[in-house]
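So the structure is just underneath, and the comments pick up after that.
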């Protein structure tokens, strides 16, 4: 099952600024800011001490027995500090660090507050609603140079800029601990000023919600405001460490909230921020996209600047790899379906466009000095997509970007007779996808392996084709290779030649370890069946008759042995003749 935080990250990144945060006391927990219940227990202990008695081991039970009512945060504050100014002074020690606490990082912004500040700075969060009195959110924002609009009173709400015009608005529902108008008592928490209700109605109507650290039990007016909202334009994500209370469950059901288990507010917002910003980075238009990447690469090739070529290629390969990992394939619990399959294909095809253009350029113009970095790029991409869990169809589909690149560099290499580079890719690239050592990448990176025929039939227009994946690649790669293979017939011939050569290599590799071989059959296969005496098999037979064992770059793939090549060809043609594609 896809991680719900990953789903939220994608939704948040693609709907910039539409999610508001609703933060309760749990968000400030790791800063040493006490929860309301902890303040209650501390106040009870102080009250008991003043009366010369002990309330341990259960302060709450002592309070209930002594005062004949249950201990309640708001009621207790109202009992020990009658006036708002007194309550503010009483609460100050709970929210402001002393010198020792400041040095130890206590009562200062947590990792959650810092991560939230990053999301605000990037424009993904514009509204923060909080029941907290502390100023940790504002402090985290100020630390990175952002000054939010803070609405802590009805008067502030009335005079503020509309939230759409503010970079960040912090709505402090119960006020600020330094303001004498903070809300603590049951009466204060049961109803909000009309001006604040109007603002909340708008937020709950127009924004999605990410709720963290809020129990939903004590804040009657806030619950009422959420209940008033009848529309749900965007999803509500309610994070939980433990089970929700009954009141919270009712509210979550009403809001149709996604319940999202977390370990802590710090880990949740840290993870969320990291994922959203990583997706954002990956989704930005690449400054080296398209033709600019090729122009730059050609300049480096002309200057024989191996360092620049190395850094440029691996940087782009890393970008592609990280982007694919962020939107990982469904796991074992999700059975393959056509909609998700096609969605994955489109993402992979789009993600690899720039790297594909670079591989085409290197395939056509690259010499021996680029072999090592090209192999390293393939191995980097393959290693990062290694996945052991889930349906095999999803696991192999993660190799689709590498397959596109293999065909791209292969066709471009053949267009310029660059057999040395293509041979290096075929024979020297380690198959990191498997556990066995020294196996060739070719054993897993071919069309019918990455997308087997039944799944290939899900591709629109390819429902009845013999080689749907191969045909899809044939059409997909054509525009990118137009510069190197301008003629349609030449492109078709080179495509068949590439797939045939790949089959020969795989058959030869198998014959080196056993006495029989199998090889994949690409779109050339049905031509072999239906066009006897024509097609790539017949053309290659004529070519073999003129191969010179000492001069042919192609023959070096097979140990400069015509006999090895002939055996591989016999094996491949034998497989094709048995395909039954009549």
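Since every read-out is calculated from the coordinates, none of them should be taken as a lab result. These numbers come from a predicted model, not from an experiment. Note that each Cβ is placed from the backbone with ideal geometry, even for glycine, and that neighbours are counted across all protein chains shown.
Quick notes
- Sorting 411-422, 214-225 by their mean Cβ neighbour count within 10 Å, with the most densely packed peptide first, gives 411-422, 214-225.
- Rounded, prolate or oblate (a/c below 1.5 giving rounded, otherwise prolate when a/b exceeds b/c) for the stretch 71-134 by Cα gyration tensor: oblate
- Mean Cβ count within 10 Å, highest first, over the residues of peptides 490-500, 101-111, 345-355, 394-404: 394-404, 490-500, 345-355, 101-111
- Axis of helix 111-121 versus longest Cα principal axis of the chain: the two differ by about 70°, to the nearest ten degrees.
- Rounded to the nearest whole angstrom, the semi-axes of the ellipsoid equivalent to the stretch 37-148, taken from the Cα gyration tensor as √(5λ), stand at 35, 15, 13, largest first.
- Rounded to the nearest 500, the 222 nm mean residue ellipticity of the chain from helices alone is -17000 deg cm²/dmol, with -39,500 (n - 2.57) taken per DSSP H run of at least 4 residues.
- Label positions at residue 245 and residue 6, each projected 7 Å from the Cα along the C-beta direction, are separated by 3.5 nm.
- Rounded tilt (10° steps) of 488-511 against the dominant C-alpha axis of the chain: 90
- Spacing of the modelled spin labels on residue 464 and residue 201, each 7 Å from Cα toward Cβ, amounts to 6.0 nm.
- Gain on full stretching of the segment that runs from residue 538 to residue 166 - 0.36 nm per residue minus C-alpha separation: 126.8 nm
- Taking each residue as 0.36 nm, the span from residue 492 to residue 233 lengthens on full extension beyond its C-alpha to C-alpha distance by 88.3 nm.
- Potential lengthening of the chain between residue 304 and residue 518 amounts to 73.0 nm, from the contour at 0.36 nm per residue minus the alpha-carbon distance.
- Candidate values (1) 347; (2) 202; (3) 215, label of the one derived for volume of the Cα convex hull per residue in Å³: (2)
- Axis angle, to the nearest 10 degrees, between helix 419-428 and the longest C-alpha principal axis of the chain: 60 degrees.
- Each peptide in 13-26, 503-516 was scored by the mean count of other Cβ atoms within 10 Å over its residues; highest first, the order is 13-26, 503-516.
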